[in-house]
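Every read-out reported here was derived from the displayed coordinates using simple, explicitly stated rules and does not represent laboratory data. Computed from a prediction, not measured in an experiment: that's the story for all the values here. Every residue, glycine as well, gets a Cβ built from its backbone with ideal geometry; the counts of neighbours run over all protein chains shown.
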Amino acid sequence: MSGNGAVSVTSVLEKTRADGRAGLVGYLPAGYPTVDASITAIRTMIDAGCDLVEVGLPYSDPVMDGPAIQRAAAAALAGGMRTRDLLRVIEAVSGHGVPVLVMTYWNPIEKYGVDAFSRDFAAAGGAGLITPDLIPDEADEWLAASERHGLDRVFLVAPSSTPERIARTVEVTSGFVYAQSIMGVTGVRDSTSTAAPGLVARTREATTLPVGVGLGVRSGAQAAEVAGYADAVIVGSAMVSCLLDAASESEGLAALRSLTTELADGVSHPTD
Amino acid sequence: MSAGQADRLGHWGRFGGRFVPEALIAALDELETGWRKACADEEFRSELDRMLREYAGLPSMLYEARRLSEHAGIRILLKREDLNHTGAHKIRNVLGQALLAKRLGKPRVIAETGAGQHGVASATAAAYLDLECTVYMGAEDVRRQALNVARMRMLGAEVVSVETGSRTLKDSINEALRDWVSSVDTTHYLLGTVAGPHPFPTLVRDLVAGIGTEARAQCLERYGRLPHAVAACVGGGSNAMGLFHAFVPDEDVALYGFEAGGEGIETGRHGATLVGGSVGVLHGARSYIMQDDDGQIIESYSISAGLDYPSVGPEHAWLMETGRARYEAVTDVEAMEAFALLCRTEGIIPAVESSHAVAGALRLAPRLRELHGPAATIIVCLSGRGDKDMETAARYFGLTGEST
């Protein structure tokens, strides 16, 4: 599914799978360092080879995020970032052939109104939501709104998920299934997870949907490794760190471009 | 849904539930099942009873505050949780959860703390039951509550200063949740109040429900009748839920919760989420929370650190929505007046948290007297003692220096 007849998440990942590679999903928060600069940064990821982008809505209490994303989100909020600015970012970065998902904690969506947000988000060109603190058991309103407005709903599975929960989760998921590769928060790690391949295999037993793996990837080699068993490689903190660690905006964008290129090359050469 | 019972997924109406990462669901299921089995296990129950009796000093007294009653014009009974070991009702919760953690084979507990009371209680239970303990505390609170930090460390706990967000209680909960996602195989999250994802609101309520069952029995035994009303302060809401639970089916007993009105609801500087907040999701449950127009969480404020929390237990939201309990806000000024009054009339220095309940009872007194006459009786949960608040009180009343 996707709004506005644009290219859908599933079709992108079916194509990358047919090409013998994984899709690259790049994450950046909206509004960091400013709303306009975040638009430029997200476009840079798209130009440098991301197959999908995931735009974060900064939130005051991001329990699933490690230090890098927390810092960027806090700075964005301190800079006056509002939910309506997110919609402006979505409008500016969608329509470039790359589906745009939003990763958000649930309270800002409830506050906006689940149906109202879905309507405005779809109208802005958004493809779907990734909801790290919303499990299907609590998602009736979102399930209905996403149907109504043609949005994908990406739910998470984790190493601790039972087969029953995985089955129940994939049943209501669309676009792709987000496999949280490690028991922990976001942030780069030197080695990728040993639990991830098993989790992906368990997920595949329950669905034919593409499976994306996130949490911890920061290099081309790691991306290639994850691409060996997953349909999509999700990179967040490493992308954000390019901007956080840079001395200037242009330096940050250059680092982001270079990392995205490296990761895109990695997902194109899956390790067996 | 019968009174006091949540549905299978921990919902009271639209409140409660589980708004947490999928990674935590297995642990929450394990906790729920483990708790249900423990409750059915005679050995577990008698071990916990023994700990509460021999170690924590329970049951706590129900004390008729004669001079305070005279002042108020009705009979005020204080449930003396301030006399428990570690000085508050919180010992009931931590001993229960720590014993459960042991039963679940988890050698480590983590806890959040604001002013440090739940942290000290957790460190105490961990020392008593030989568990490793890490307490997350906002950097701002670590600075303000140096004595409690020393206490926790003395008891063998590791205290982690949380530098993220507003660096207060809500951020220490975020950090504890982050720890728990990473360590759930070996770690139990010893949550300090009736908030959080299912099963915590039910679990913590059941562990502190002795406040109400004891008070109800004590009142019946001594006066041959139930009180006309019961009152407690509400931050996260554990002492209030503990007092209310036994009385919920007694429809003639009015339930009153008193929230932190801070500098006044109209100023925005308060911690009264039920009175002045709106429905939203925070720390794993849908309840009333303090939030801005975009659903970003707003800082709460109260002179009492223990009531300074921008959410509240979901069962309170339900009790308010159904009209079974009533909630009002008590300002800093009213609470501190009640604090002083209890000191002077009864020789009891209450926690500033509990002073909100005393202030609320004093406000209710004329109403209760009009309805029930001078025999009107109210039970007030004196949830904690005020030793920890002497610095606040000394500053507030100007008690330092050579003469007063």
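With contacts taken as Cα pairs under 8 Å at a separation of at least 6 residues, chain A carries a relative contact order of 23 percent.
Taking the Cα centre of the protein assembly as shown as origin and assigning +1 to Lys and Arg Cβ atoms and -1 to Asp and Glu Cβ atoms, the resulting dipole is close to 1260 debye. Among DSSP bridges having both ends in the protein assembly as shown, what percentage is antiparallel? Round to the nearest 5. Percent antiparallel among DSSP bridges in the protein assembly as shown is about 20. Entry note, segment B:43-138: relative contact order of 21 percent, from Cα contacts under 8 Å with a spacing of 6+ residues. Just to confirm my numbers, what's the Cα centroid distance between segment B:219-272 and segment B:184-213 in Å? The distance from the Cα centre of segment B:219-272 to that of segment B:184-213 comes to 19 Å. Please identify which residues in segment A:95-110 have an amide N closer than 18 Å to a label point set 7 Å out from the Cα of A:Ala123, following the Cα→Cβ vector. Answer for segment A:95-110: A:95, A:109-110. Normalised by the number of residues in chain B, the mean separation of alpha-carbon contacts (under 8 Å, six or more apart) gives a relative contact order of 20 percent. Mean Kyte-Doolittle of at least -1.0 and a Cα length of 24 Å or more along the axis: which whole DSSP H helices of chain A meet both? Once both thresholds are applied, what remains is A:249-268. Averaged over residues, the count of other Cβ atoms within 10 Å places the peptides B:303-313, B:250-260, B:350-360 in the sequence B:350-360, B:303-313, B:250-260, highest first.
Normalising by residue count, chain B has a Cα convex hull of 136 Å³ per residue.
Restricting segment A:157-243 to GluC sites (Glu not before Pro) that sit in a DSSP loop and have at most 16 other Cβ atoms within 10 Å of their own Cβ leaves nothing. Normalise the Debye intensity by I(0) for segment A:174-272, one equal point scatterer per Cα, no solvent, then take log10 at q = 0.11, 0.13, 0.20 Å⁻¹ and round to two decimals. Debye output, listed in q order: -0.33, -0.45, -0.95. Peptide A:157-167 is shielded by partner chain Cβ atoms: per residue, an average of 3 of them sit within 10 Å of its Cβ. Give B:Lys170/B:Lys388; B:Lys79/B:Lys388; A:Lys111/B:Lys102; B:Lys102/B:Lys170 a once-over and call out the pairs whose C-alpha atoms are over 29 Å from each other. Check vs 29 Å cut-off fails for A:Lys111/B:Lys102. Simple rule: put +1 on each Lys or Arg Cβ and -1 on each Asp or Glu Cβ in the protein assembly as shown, find the dipole, and look at B:Thr134, A:Gly184, B:Phe244; the Cα lying farthest toward the positive end is B:Phe244.
Using the Cα coordinates of the protein assembly as shown, the gyration tensor eigenvalues translate into equivalent-ellipsoid semi-axes of 48, 24, 23 Å, sorted from longest to shortest. Return the whole-Å distance between the Cα centroid of segment A:53-123 and the Cα centroid of segment B:345-385. Centre-to-centre distance over Cα atoms comes out at 47 Å.
Quick one: dipole size for segment A:3-263, taken about the Cα centre, charges +1 on Lys/Arg Cβ and -1 on Asp/Glu Cβ, in debye to the nearest 20. Roughly 220 debye, rounded to the nearest 20. Just check chain A against the gyration tensor rule for me: Cα atoms, a ≥ b ≥ c as the square roots of the eigenvalues, rounded for a/c under 1.5, and otherwise prolate or oblate depending on whether a/b exceeds b/c. Verdict is rounded for chain A. Which residue, B:Ile348, A:Gly212, B:Asn174, has the largest displacement toward the positive end of the dipole of the protein assembly as shown when charges sit on each Cβ (Lys, Arg +1; Asp, Glu -1)? Selected residue: B:Ile348.
Look at the dipole of the protein assembly as shown built from charges on Cβ: of B:Thr186, A:Val53, B:Thr331, the Cα furthest out on the positive end belongs to B:Thr331.
Considering all C-alpha pairs of segment B:79-148, those separated by over 16 Å amount to 47%. Over segment B:201-357, the Kirkwood radius and the radius of gyration, each from Cα atoms, give a ratio Rg/Rh of 0.98. Within a 10 angstrom radius of each residue's Cβ in B:181-189, how many Cβ atoms of other chains show up on average? Whole number is fine. Averaged over the peptide's residues, the number is 2.
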